[in-house]
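Remarks on the structure that follows.
Bear in mind these aren't lab numbers, they're just calculated from the coordinates by the rules spelled out. Predicted, not measured: the structure shown is a model, and the values here were computed from it. Counting neighbours? That spans all protein chains shown, and the Cβs are built from the backbone with ideal geometry, glycine included.
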Amino acid sequence: MNIIQILFWFLSVVAIFSALMVITSKNPVYSVLWLIVTFFSISGHYILLNAQFLAIVNVIVYAGAIMVLFLFVIMLMNLNKETEPQKNRWLKMAGAVAGGCLMLVFVAALKDAGLKDQEAMVNEGDIGLIKNLGKELFTTYVVPFEISSILFLSAMVGAVVIGKKE
Amino acid sequence: MPINNYILLSIALFCIGIVGVLTRRNAIIIFMCIELMLNAVNLLLVAFSKMHAKAALLAGDISGTAGTDGQLFVFFIMVVAAAEVSVGLAIIVMMYRNIHSVDVNFLNRLKH
């Protein structure tokens, strides 16, 4: 078991544990903090796969911007453990069983997929570096890139219009 | 690293997100679980892009750019997710202002 495998299993365990804590924490603020831990471990996976650009973007956009927005809204509404609405126990159990069944279906489909001998390139290869990605982004994908700027503009206008007091 | 490990990890994260959506009533937590599912898919796309790169390398492709598309898709998914979060949180704030709660069970006005 070399260092890469140890890191992979460590990051996977951290990701799954913190994801479980997201959905089981009673306090919404704790959920947000656990989700940040999940995003950091996924960024660790990206670094392990040598996708450095995406790792940095994930930390900046998700863990930095989006989670701060969530935390800000939760604190603005003053949500805490006491105000947290709870589903009854049967509905929770039904939800868990439904999710478990979906997982069973996915795993069963994976057994039939014939990907046994395929490997992901770990800790080598330079397709995830910013030189290659930037070149591709500004040549082949330049139109979607510009369209996404319009998407951001319209999202900004929409957020302001929706959030405005009438 | 076998690709099956990454697929299993993504399946686990995605299903945890699904369970979260089904078992919670707080609209913000549901929204966070959707973000978790998006991230599971992103991780799978990056793993597949690296798998594709390795397969192309073994097949004798010397350009070394196979699999770039997958990582750019992840980038665009992140762009769309950021826009989605800003609008979605604005909607949740508006809903809180109107009914003073983020409980999705109170969002049943379309029923009446």
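Between A:Q118 and B:S63, the distance separating the two model label sites (each 7 Å from Cα on the Cα→Cβ line) works out to 2.0 nm. The 3J(HN,Hα) values that the Karplus relation (6.51, -1.76, 1.60; θ = phi - 60°) gives for the range A:149-155 are, in residue order, 5, 5, 4, 4, 4, 5, 5 Hz. Gly and Pro appear as x. Available extension along the chain between A:K81 and A:V160 is 25.5 nm, counting 0.36 nm per residue and deducting the alpha carbon span.
With a/c under 1.5 counting as rounded, go ahead and sort the range A:65-104 into rounded, prolate or oblate using the C-alpha gyration tensor (a ≥ b ≥ c being the square roots of the eigenvalues; past the cut-off, prolate if a/b is larger than b/c, else oblate).
Numbers: a/c = 6.53, a/b = 1.73, b/c = 3.78.
Oblate shape, in that a/c is at least 1.5 and b/c is the bigger or equal ratio.
Extending 7 Å from Cα along the Cβ direction at A:V97 and again at A:I60 yields two label points whose distance is 4.7 nm. Adding -39500 (n - 2.57) for every DSSP H run of four residues or longer, then dividing by how many residues chain A holds, sets the calculated 222 nm ellipticity at -22500 deg cm²/dmol. Pairs spanning more than 21 Å between alpha-carbon atoms, out of A:K135/B:K50; A:K81/A:K164; A:K81/A:K165: A:K81/A:K164; A:K81/A:K165.
From the square roots a ≥ b ≥ c of the eigenvalues of the alpha-carbon gyration tensor of chain A, which class results: rounded (a/c under 1.5), prolate (a/b over b/c), or oblate? Cα axes put chain A in the oblate bin.
Label separation (A:F106 vs A:N27): 3.0 nm, computed from points 7 Å beyond Cα along the C-beta direction.
Using only the Cα atoms of the range B:1-102, construct the convex hull and provide its projected area averaged over every direction, in square nanometres to one decimal.
Values: hull surface 28.7 nm².
Reported value for the Cα convex hull: 7.2 nm².
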